[in-house]
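Comments concern the structure below.
The values are calculated or read from the model by the stated rules, or taken from the named source; none is laboratory data. Bear in mind that the values here come from a model prediction, so they are computed numbers and not experimental data. Neighbour counts run over all protein chains shown; Cβ positions are idealised from the backbone, glycine included. These accessible areas exclude ligands, DNA and RNA; they are computed on the full protein's heavy atoms, side chains included. Shrake-Rupley method; radii C 1.70, N 1.55, O 1.52, S 1.80 Å.
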Amino acid sequence: MSIAPGPRFLHSGDTALVVVFGERIDRDVSALVLSLARRLEAEAIPGVVEVVPTFRSLMVHYEPLSLPNKELQRRLGPLIEGIAAEERPGRQWRIPACYDAEVGPDLGEVAERTGLSVAQVVERHSATTFHVYMMGFLPGFPYMGDLPPELELPRRESPRVRVPPGSIAIAMAMTSIYTLESPGGWHLLGRTPAPLWDLRRAQPALLAAGDKVVFAPVSLREHEAILAKAAAGEYELRPAEGLRA
């Protein structure tokens with residue numbers, strides 16, 4: 001556990017303030033961001049509209065007519081004082097993942113470029129406990145690290161115009177799941193039948209910053225069976241117990 005150095009305040013228009021804790025992407029910086037987010041939410045400062053964690057900063061949206069910027073910074077001071085990079089256990093998820101060439105079109109290419117076999121790529125990816133750093137790009141889209149170094153690759157040179165929802169992808173040191181059909185330039189290793197974004201739920205996004213995720217391999221037949229249940233509203237994924245740290 002380490003005490004945070006003094007963060008920087010950056011203005012983002014006239015209705016948002018960014019609290020920057022560092023210049024790198026790692027779990028200590030993420031822990032500081034999430035700690036301040038929890039403190040702010042617990043404080044319930046009138047005029048604060050929303051807090052949005054990112055890799056290395058917290059964006060605080062506020063109503064300037066009721067909470068001027070200088071007053072917000074003053075109220076943030078005591079919350080930041082003594083804040084420490086102590087990672088709190090988030091929810092733990094075991095998400096089904098089908099690593100089949102039919103739904104993971106880049107699996108073979110990733111194996112070739114990394115010098116691993118397809119089975120080794122799947123083993124390394126599914127053996128990792130990923131940390132959800134932030135949400136973004138698409139509704140419910142999780143940016144998760146930290147990918148094993150042997151699987152790190154730059155984004156594809158030619159992005160796809162359409163990536164199916166549920167696609168499990170990697171790029172650089174990150175992995176993610178496309179929650180909606182979208183263009184995308186990450187490498188597709190497989191697909192999950194579990195809906196990460198579902199407007200039928202009280203909280204549409206399944207994951208949140210600070211959560212932990214492990215991918216549990218399933219066959220193509222199992223994937224299709226779960227997909228059918230999810231489409232009918234008969235499948236619910238709950239946080240797992242005893243997930244690997």
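Tabulated data
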{"read-out": "Within region 115-126, tally of residues that are within 24 Å of the chain's Cα centre (by Cα), open to solvent by 10 Å² or more (accessible area, probe 1.4 Å) and touching a residue at least 24 places away in the same chain (Cβ under 8 Å)", "value": "3"}
{"read-out": "Yes/no for HIS131 being part of a helix (DSSP H, G or I) and within 17 Å of the chain's Cα centre (by Cα)", "value": "no"}
{"read-out": "Residue tally, condition in a loop (DSSP other than H, G, I, E, B) and either open to solvent by less than 60 Å² (accessible area, probe 1.4 Å) or of a type in the set (A, V, I, L, M, F, W, C) (or both), over region 202-234", "value": "11"}
{"read-out": "Total residues in region 36-91, condition in a loop (DSSP other than H, G, I, E, B) and of a type in the set (S, T, N, Q)", "value": "2"}
{"read-out": "Enumeration of residues in region 4-17 that are crowded, with 17+ Cβ neighbours inside 10 Å, closer than 16 Å to GLY77 by Cα and free of Cβ contacts under 8 Å to residues at least 60 places away in the same chain", "value": "LEU17"}
{"read-out": "Residue check, GLY108 more than 30 Å from PRO217 (Cβ to Cβ) and either open to solvent by 20 Å² or more (accessible area, probe 1.4 Å) or not in a helix (DSSP H, G or I) (or both)", "value": "no"}
{"read-out": "Failed condition for ALA85, given (1) at pLDDT 90 or above; (2) buried (at least 17 other Cβ atoms within 10 Å of the Cβ)", "value": "(1)"}
{"read-out": "Conditions (1) open to solvent by 10 Å² or more (accessible area, probe 1.4 Å); (2) hydrophobic (A, V, I, L, M, F, W, C); (3) under 15 Å from the mean Cα position of the chain (by Cα): number failed by LEU199", "value": "(3)"}
{"read-out": "Criterion (within 22 Å of the chain's Cα centre (by Cα), open to solvent by 30 Å² or more (accessible area, probe 1.4 Å) and among the β-branched types (Val, Ile, Thr)) met by exactly one of VAL20, VAL60, VAL48, VAL52", "value": "VAL52"}
{"read-out": "Residues located in region 139-149, provided they are within 26 Å of GLY22 (Cβ to Cβ) and open to solvent by 30 Å² or more (accessible area, probe 1.4 Å)", "value": "TYR143, ASP146, PRO149"}
{"read-out": "Sole exception among (1) in a helix (DSSP H, G or I); (2) on the phi > 0 side of the Ramachandran plot for GLY140, by number", "value": "(1)"}
{"read-out": "Qualifying residue in region 184-201 (condition: of a type outside the set (A, V, I, L, M, F, W, C), under 15 Å from ASP106 (Cα atoms) and without any contact (Cβ under 8 Å) to a residue 60 or more places away in the chain)", "value": "yes"}
{"read-out": "Extreme residue, nearest to the chain's Cα centre (by Cα), among residues of region 162-195 that are of a type in the set (A, V, I, L, M, F, W, C) and open to solvent by 10 Å² or more (accessible area, probe 1.4 Å)", "value": "MET174"}
